[in-house]
Amino acid sequence: MPFLPTSQQWLEQSSLLLKARPSTTKITTRYTVEDSKSTGSKRKRRTADASGTDTDAPAAPKAVLILKTFDPASGVCLKYQTQKAQEVGRLVGALGRLSRNMAALPETAEEPMLDAPTAEQGTGTSTPIPEPAAKDGRTAADPKAGQGAGGGGGGKKKKKGKK
Amino acid sequence: MSSSHLSHDEFFTKLGELFEANRQAGKGSIFLTQKRLNYDTPSLASTPTTTPDDPLRDLHPESPLPVIIRASNGKWKDEKASKIKLSTIVQPDALEGFYIRYADVCKGGMQALKKRDRSKRKRDKAKKKKGSGAADGDKKG
């Protein structure tokens with residue numbers, strides 16, 4: 001699965017995946033610092049072996065941050081990669097928003113809705129989904145998608161589009 | 001298993017240490033994972049995530065579920081002895097506060113990422129150095 005171009009897309013797709021597969025999906029954040037010193041010194045040894053200095057300090061370590069949302073049940077994997085420190089705060093914020101999907105809490109809009117903990121979930125589960133438009137000879141998978149609310153179904157569709 | 005989970009304070013302290021160790025080593029990875037905690041909770045013991053009657057039960061749990069956050073330094077196989085694993089459980093009502101602190105620790109820990117202004121300045125400096133004297137500059141480095 002290739003990397004998604006923007007963190008916003010990653011967040012949206014991951015959110016949809018989590019809505020569809022909330023208990024199997026895992027988000028892994030990998031922060032890797034590459035060993036730029038060793039490669040640098042190797043090059044140095046080849047070029048200027050006589051000097052014998054291992055001073056490659058100006059070469060700042062290369063680091064990369066990779067976010068991966070993976071659902072082993074369906075095999076969907078969504079990734080986003082960045083090297084910019086300024087994105088860390090926003091990305092952890094995104095992780096926080098996705099954690100609400102994991103915890104089965106209602107999603108926060110731009111303004112957090114503090115006083116509505118499980119109300120939306122509750123109504124969503126108990127009401128039978130009316131399916132007026134699903135009579136067009138669709139497959140048996142449709143009722144399932146309908147049961148999982150619109151978000152879940154949308155997630156599956158988008159996933160297929162991404163593959 | 002559950003006894004090994006850390007409190008949030010301990011988790012952030014140790015995560016900070018993990019980042020610091022990574023910074024000192026100048027290489028290596030840190031893995032942070034988050035996942036719904038859908039086992040090991042008494043309220044869910046009698047209600048597994050999926051049942052034959054309701055294969056999509058996990059889409060609408062009766063109550064919000066905790067999230068487990070894990071951190072590791074990614075040492076396995078040959079280096080398994082030095083592996084560090086941290087984990088903590090965040091209850092749904094504590095998520096918001098947890099992630100605010102989490103963001104701070106991550107921002108503080110992921111220092112090797114490119115910074116907006118510094119990288120430009122550094123590049124300029126490097127260019128100047130190279131321009132002035134290549135071989136000498138390298139030796140001084």
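Just so you know, all these numbers are worked out from the coordinates, no wet-lab data involved. Everything numeric here is computed off the predicted structure, so don't read it as measured data. Counting neighbours? That spans all protein chains shown, and the Cβs are built from the backbone with ideal geometry, glycine included.
Tabulated data
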| read-out | value |
| --- | --- |
| Other protein chain Cβ atoms within 10 Å, averaged over every residue that makes up A:2-15 | 0 |
| Net charge contributed by nearby residues that have their C-beta within less than 11 Å of B:G109 (K/R +1, D/E -1) | -1 |
| Three-way shape call for region B:54-106 based on the alpha-carbon gyration tensor, with the a/c threshold at 1.5 | oblate |
| J(HN,Hα) series, region A:72-78, from Karplus relation 6.51 cos²θ - 1.76 cosθ + 1.60, nearest Hz, glycine and proline x | x, 5, 9, x, 7, 9, 10 |
| Over 19 Å (Cα to Cα) - which of A:K84/B:K107; A:K19/A:K84; A:K26/B:K14 fall in this group | A:K19/A:K84; A:K26/B:K14 |
| Cβ crowding within 10 Å averaged over residues, with A:70-81, A:6-17 ranked highest first | A:6-17, A:70-81 |
